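Here is the structure we will look at, set down as structure tokens.
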Amino acid sequence: FFSVAVYSIVFRPRRPITKNRDDIEVYTKGTERNKRIISSATDLFCEPWGFSNPHFASFLAQVRFSPFRGQWGQKVTRKVEHLTTPAGCDIEVEFVEPKESGHDIPIVIILHGINGGSREPYVEQAALHIAAEKGWRAVILNYANMKILHEQVCSLGGTSLLDGGDLNYLISYIRKSHGGFLGAVGFSMGGAKLVQYLIRTREHCNLDAACTISSPLDFTERNDTVHKPEGLVSRAYHFMITASLKLWIVKNYNELRKHPKVSASKPFRRTSSGLLWWIQSNKVTDIDDAITIHTKGYANLNQYYNDATCLDRLRDHLHIPFLCVTAKNDPFVPREILPGHGEAEANENMFVVNTRIGSHIGYWLPGRGCWATKGCLSFFHSVMKHSRRNPKSKQLRRADSLRAAHYLQRTSSSKLTNYFKLVAHDSCCFGDLAQVDALDSKRLVIASCASVRNLPSRGSMSSFAGMRT
């Protein structure tokens, strides 16, 4: 009886589902391309799995054992590298790839949650699905680990949702030697960060497809989880996240103090007000009010959260196939802000999947892995199969990297970050500048010259050395 029960829970057969089932809701525009993509993404339309209790499922996403201890972990190699940008920042990246891989296999970038990293169980599970199961290459961006070199002020990474510079640098770095498929998966706040990059770089994002899992895309007053946490459970979630962010502040204390506005904020004051902040702050908004808005030049929290809200802008500025997977029982994403039929119909590149269970990154069962990650990879494979993709030359990829920096700079509200210094140095070429807006060409040339004078080290090119043709 025990063996039959375990088999029925862990190894039960997956059933195909339709749009009208209560387990899953699928919204997309009814174009011929989208119909082909939907019909081929078989893993995405199997019954979602996960524990029914949303809080227990969310808890397991953070505390379960590392999946690298199993058999899949022996099939891949992983290593951490530090990429030094021309702006003087150090970006930490972890590469996970199969031991026997080709030169031009698909690459998927992974962005973790607000208080996570490459060692989180859900991130490691996603990397193993990519590298061990699919035979692709996974690149994990540890955007929470920040370091400022040469005493330069560079508020890159960290807790800000609007930092697209580190992601843009990593994409331009990969595109220097990789002309194949390049996708990205963002979990929770990492997905919100990814969407910000997509809508700001528009058609020059240099990605072929993207996916978010359990990501809130609305941070206005409609999101009661952020602004008005009620009940013991919601307050406990805020307390745990705030505690982890406080540890992040302590870890990056010396780096954050180099920023003149941050050094004068409450967490860094050696007074009674500074001590009271460390004791009394128990919400995520307290961290943003004390540090984030100062590093990004915003006047108040409302201005920052309104700028971080991107659900409406997806309708006009989304130019690649994009999949949004969210659970209706997610304790961090209220049902009122879930994307649905209206967002999907407004843009043909939008694919929305809302499930009955799954909690917050809780699509996991022992022996089966993560349903959402497997569905995203099936979506990527279907996009590669059915979307028209014209291979770009190295020169065109360089031009897109520069245009992406141009759009990030133009759409920046605070104008504090020089995004032209966050493009890999040999991704910029003066021949491509003629294709950029004529009014901004002079500024781009000046920024490119400044970046060339601060070339990053070549020691970090080892991971993609074998991919060059």
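Neighbours of S40, meaning other residues whose beta-carbon lies under 12 angstrom from its beta-carbon, give a summed charge of +3 when Lys and Arg score +1 and Asp and Glu score -1.
Suppose R0 equals 30 Å; then what is the FRET efficiency for R368 and D224 from their Cβ-Cβ distance, rounded to the nearest 0.05?
On the way: r = 33 Å, r/R0 = 1.09.
After rounding, the FRET efficiency stands at 0.40.
The length gained on full extension between R315 and T42, counted as 0.36 nm times the residue separation minus their Cα-Cα distance, comes to 95.7 nm. Computed from point charges on the beta carbon alone (+1 for Lys and Arg, -1 for Asp and Glu), the dipole magnitude for segment 165-224 about its Cα centre is near 280 Debye. The residue among T295, A264, I279 whose Cα reaches farthest toward the positive pole of the charge dipole of segment 227-305, with charges on the beta-carbon of Lys, Arg, Asp and Glu, is A264.
Placing dummy labels 7 Å off each Cα toward the beta-carbon, the span from V250 to N53 is 2.9 nm.
Selection among F380, W364, H317 by position relative to the dipole of segment 315-387 gives W364 as farthest towards the positive end (Cβ unit charges, Cα centre).
Computing FRET efficiency as 1/(1 + (r/R0)^6) for N306 and E348, where r is the C-beta to C-beta distance and R0 is 30 Å, gives about 0.65.
Placing a label point 7 Å from the Cα of A264 along the Cα-to-Cβ direction, the residues of segment 286-306 whose backbone N falls under 16 Å of that point are 290-300.
Between E203 and K75, how high is the FRET efficiency from 1/(1 + (r/R0)^6) when r is the Cβ-Cβ distance and R₀ = 41 Å? Nearest 0.05. Result of the calculation: an efficiency of 0.65. Taken about its Cα centre, segment 227-305 carries a charge dipole of about 260 debye when Lys and Arg each add +1 at the Cβ and Asp and Glu each add -1 at the Cβ.
As a quick test, which of the pairs K228/K328; K193/K374; K79/K261; K75/K392; K258/K283; K79/K394 have an alpha carbon distance above 23 angstrom in this structure? Going by Cα-Cα distance, K79/K261; K75/K392; K258/K283; K79/K394 fall outside the 23 Å limit. Each part gets one Cα centre, and for segment 120-135 versus segment 362-400 those centres are 13 Å apart.
Using a/c under 1.5 as the rounded threshold, could you call segment 193-281 rounded, prolate or oblate? The axes a ≥ b ≥ c are square roots of the C-alpha gyration tensor eigenvalues, and prolate needs a/b larger than b/c, oblate otherwise. Show your work: numbers first, answer last.
Values: a/c = 2.61, a/b = 1.40, b/c = 1.86.
Taking the square roots of the gyration eigenvalues as a ≥ b ≥ c, segment 193-281 is oblate.
Taking 7 Å steps out from each Cα toward its Cβ at K385 and S273 produces label points 6.1 nm apart.
Only the coordinates and a few stated rules stand behind these numbers; no lab work does. Values in this document were obtained by computation on a predicted structure and should not be read as measured data. Cβ atoms come from the backbone with ideal geometry, glycine included; neighbour counts cover every protein chain shown.
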